[in-house]
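The values are calculated or read from the model by the stated rules, or taken from the named source; none is laboratory data. Computed from a prediction, not measured in an experiment: that's the story for all the values here. Neighbour counts are summed over all protein chains in view; Cβ atoms, including those assigned to glycine, are modelled from backbone coordinates with ideal geometry.
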Amino acid sequence: MGEIRLEKVYFSYEQEDIVQDLSLVIPAGTFTIVVGPNGAGKTTLLRLVAGLLSPEEGKVTIDGRSVGEAQRQGLIHLVPQIYNKNASQFPATVYEIVGLGLLVQANVSRHERQQRIEDALHKVGMWELRDRRIGELSGGQQQRVMIAQALARHSKYLLLDEPTSGVDMKASAHIFELLRSLCRQGLTIIMVTHDITEAAKVADEVICVDRHVCYQGDCQGFLESHMGTALSWHIGG
């Protein structure tokens, strides 16, 4: 079925250790949320899995492949937190944005490309807005478009960095519902979030990081054993 695996991974910025001896396995087909304090390495973890950063020590593999090979095969897709902050002046429509994800897949015919874009936009409920410019959409709608881009590529692993940041509660709930539905259809979701209580309602697993893995397990266990304690980000807290 496949998995994402990190083995004894280390990474630092300007000699400051951000990730230390981090090892974990995320099975395919699961909805995993990544939590932890600010500066704990959550976004760095996503960028290491996506291949935007390379570990200084250790190894990251996707379905037994190197991250580079997984990238070339379109297995992984990262939706960064800052996307909606940069979209306001971007002169592209919703349809064009989703199609951008297919530019690297030269073997996809024009007909298949059109079909993939249409199918993806229908899945995220954005087909009716396909001709709108991306900057005209709300933050929640923009997140749906970027999720559609991953679906059009037929990516297996979707990585999201704070997809509900700056989004109202109603739009946030819709995003969580959409992600849960997509996971049930076979997409693997790995999402960094500060909205732990709401995300835990739809996720299968929590990974808490603070430079290393502090907790990995079911959501209810995390909420019961960690959220209400002074040492809420550490095992045994």
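Quick grid of which residues meet (1) touching a Pro at 6+ places or on another chain (Cβ under 8 Å); (2) touching a residue at least 40 places away in the same chain (Cβ under 8 Å); (3) not assigned by TED's automatic domain parsing to the domain that holds residue 198:
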{"residue": "111", "(1), (2), (3)": "no, no, yes"}
{"residue": "115", "(1), (2), (3)": "no, no, yes"}
{"residue": "118", "(1), (2), (3)": "no, no, yes"}
{"residue": "129", "(1), (2), (3)": "no, no, yes"}
{"residue": "134", "(1), (2), (3)": "no, yes, yes"}
{"residue": "139", "(1), (2), (3)": "no, yes, yes"}
{"residue": "150", "(1), (2), (3)": "no, yes, yes"}
{"residue": "162", "(1), (2), (3)": "no, yes, no"}
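One line per residue, one yes/no per condition, for (1) among the aliphatic types (A, V, I, L, M); (2) in contact with a Phe, Trp or Tyr (Cβ under 9 Å, 6 or more places away or on another chain); (3) modelled with pLDDT of 90 or more; (4) assigned to a strand (DSSP E or B):
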residue	(1), (2), (3), (4)
12	no, no, yes, yes
20	no, yes, yes, yes
43	no, no, yes, no
61	no, no, yes, yes
81	no, no, no, no
98	yes, no, yes, no
102	yes, no, no, no
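In the stretch 182-200, the residue that is surrounded by the most Cβ atoms within 10 Å (Cβ to Cβ) out of those that are aliphatic (A, V, I, L, M) and part of a helix (DSSP H, G or I) is 199. Residue by residue through the stretch 65-79, note down the ones that are part of a strand (DSSP E or B) and more than 17 Å from residue 160 (Cα to Cα). Hits for the stretch 65-79 are 65, 66.
Scanning the stretch 81-102 for residues that are among the β-branched types (Val, Ile, Thr), surrounded by 17 or more Cβ atoms within 10 Å (Cβ to Cβ) and within 14 Å of the chain's Cα centre (by Cα) turns up nothing. With respect to the conditions (1) among the charged types (D, E, K, R); (2) farther than 27 Å from residue 23 by Cβ; (3) crowded, with 17+ Cβ neighbours inside 10 Å, residue 136 lacks only one, and its number is (3).
Against the conditions (1) under 18 Å from the mean Cα position of the chain (by Cα); (2) buried (at least 17 other Cβ atoms within 10 Å of the Cβ), residue 166 satisfies every one except (2). Against the test of being farther than 28 Å from residue 109 by Cα, at pLDDT 90 or above and touching a helix residue (DSSP H, G or I) at 6+ places or on another chain (Cβ under 9 Å), the options 213, 206, 202 yield a single qualifying residue, 206.
In the stretch 10-26, the condition of being in contact (Cβ under 8 Å) with a residue 12 or more places away in the chain and within 21 Å of residue 150 (Cα to Cα) is met by at least one residue.
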